[in-house]
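Below is one structure, written out as structure tokens, with a few remarks after it.
The values are calculated or read from the model by the stated rules, or taken from the named source; none is laboratory data. Small disclaimer: the values here were computed from a predicted structure and weren't measured. Glycine also receives a Cβ, built like all others from the backbone with ideal geometry; neighbour counts cover every protein chain displayed.
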Amino acid sequence: HVLLQAGVGAMAGGVLGYLVDVYSPQNLHSIIVEPDKADCIYRSGVKGDIVNVGGDMATIMAGLACGEPNPLGWEILRNCATQFISCQDSVAALGMRVLGNPYGNDPRIISGESGAVGLGVLAAVHYHPQRQSLMEKLALNKDAVVLVISTEGDTDVKHYREVVWEGKHAVAP
């Protein structure tokens, strides 16, 4: 599995294109993740063609608040991505908190909002009341090997502390 965050889809398309070339589409489960306020790739995936998103794209995932898919990245995502997810800011905030507070000997990773959303999706699924059903939909099981990529560090010290220390953008119960 690979979870890739998308703004215009250029990074996600480039990484996915490489991984599909190395592993083949049959051996790779890819999930493209976006903020629900700027989910042009998600909407494009649902429609099967480019969809632009306009208006207020107010999201803590500022690096992903783009609204218009990159045509080259979109071609790869349309042809190779397994699933698309549109998620709330609370999912990215959860990812930031998990990365910043690891278990055991795992290293601490200071990640910004856009970089943490992939792990945030995994954590949100893990803590969801319908966890088993969601895991099945994402083809996640005990044998799954998952890759997430944080594309940014702490880009706003004040906001990072508000999210990680003070619980801003908490996941609703």
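Tabulated data for the structure shown
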item	result
Residues that are within 10 Å of MET96 (Cα to Cα) and aliphatic (A, V, I, L, M), drawn from region 108-139	ILE109, ILE110, ALA116, VAL117, LEU119
Matching residues, region 86-142, being closer than 22 Å to ALA38 by Cβ and of a type in the set (Asp, Glu)	ASP89, GLU113
Segments classed as helices (runs of 4 or more DSSP H), wholly inside region 63-173, with at least 3 members that are farther than 21 Å from SER30 by Cα and modelled with pLDDT under 95	157-164
Yes/no for GLY115 being surrounded by 16 or more Cβ atoms within 10 Å (Cβ to Cβ) and either acidic (Asp, Glu) or touching a Gly at 6+ places or on another chain (Cβ under 7 Å) (or both)	no
Residue tally, condition touching a strand residue (DSSP E or B) at 6+ places or on another chain (Cβ under 9 Å) and more than 25 Å from VAL91 (Cα to Cα), over region 20-56	1
Selection from region 9-32 of residues that are of a type in the set (A, V, I, L, M, F, W, C) and over 13 Å from the mean Cα position of the chain (by Cα)	ALA10, VAL15, LEU16, LEU19, VAL20, VAL22, LEU28
Sole residue being of a type outside the set (S, T, N, Q) and buried (at least 19 other Cβ atoms within 10 Å of the Cβ), chosen from ALA6, ALA10	ALA6
